[in-house]
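Chemist: The structure that follows is given in the form of structure tokens.
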Amino acid sequence: MTELLKKLNKYIILLIISALFGMPWIYLKYYLFDYNGPDSIIESIPTIINYLIKLIVIVLLIIDFRKEKLKNIIITCIAALFYPLLGIVIYAILLIDNEKVPEHNQE
């Protein structure tokens with residue numbers, strides 16, 4: 001189980017960063033920046049961060065799928081494009097399934 005957590009740590013950190021630019025951003029932007037109204041670049045920072053995290057998750061999933069030699073990379077990346085947590089969950093399930101397959105072949 002610790003092996004799985006080591007492989008998922010980078011995704012967990014990215015999801016935490018993504019969550020920080022959600023609801024907390026609405027309150028923190030007034031304290032951190034001089035707010036200039038709804039047309040300000042400050043309003044688009046959460047959207048930019050969200051898209052960057054989605055792209056980073058997709059790239060990391062592609063790298064990890066190739067490293068672990070897992071299948072279904074396309075559907076996982078499409079799922080991660082719309083909802084990153086779903087792509088990470090699919091990766092974790094496939095990783096667990098891939099680790100359990102050799103145990104059944106020993107008999």
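Chemist: Please determine whether any residue of segment 44-57 is at pLDDT below 85 and surrounded by fewer than 13 Cβ atoms within 10 Å (Cβ to Cβ).
Modeler: Looking for residues that are at pLDDT below 85 and surrounded by fewer than 13 Cβ atoms within 10 Å (Cβ to Cβ), one finds at least one in segment 44-57, hence yes.
Chemist: Note down all Cβ pairs under 7 Å where the first residue falls in segment 51-63 and is assigned to a helix (DSSP H, G or I), the second is surrounded by fewer than 18 Cβ atoms within 10 Å (Cβ to Cβ) and of a type in the set (Lys, Arg), and they're at least six residues apart or on different chains.
Modeler: Leu60/Lys10
The values are calculated or read from the model by the stated rules, or taken from the named source; none is laboratory data. Every value quoted in this text rests on a predicted model; they were computed, and no experiment measured them. Glycine gets a Cβ as well: all are built from the backbone with ideal geometry, and neighbour counts include every protein chain shown.
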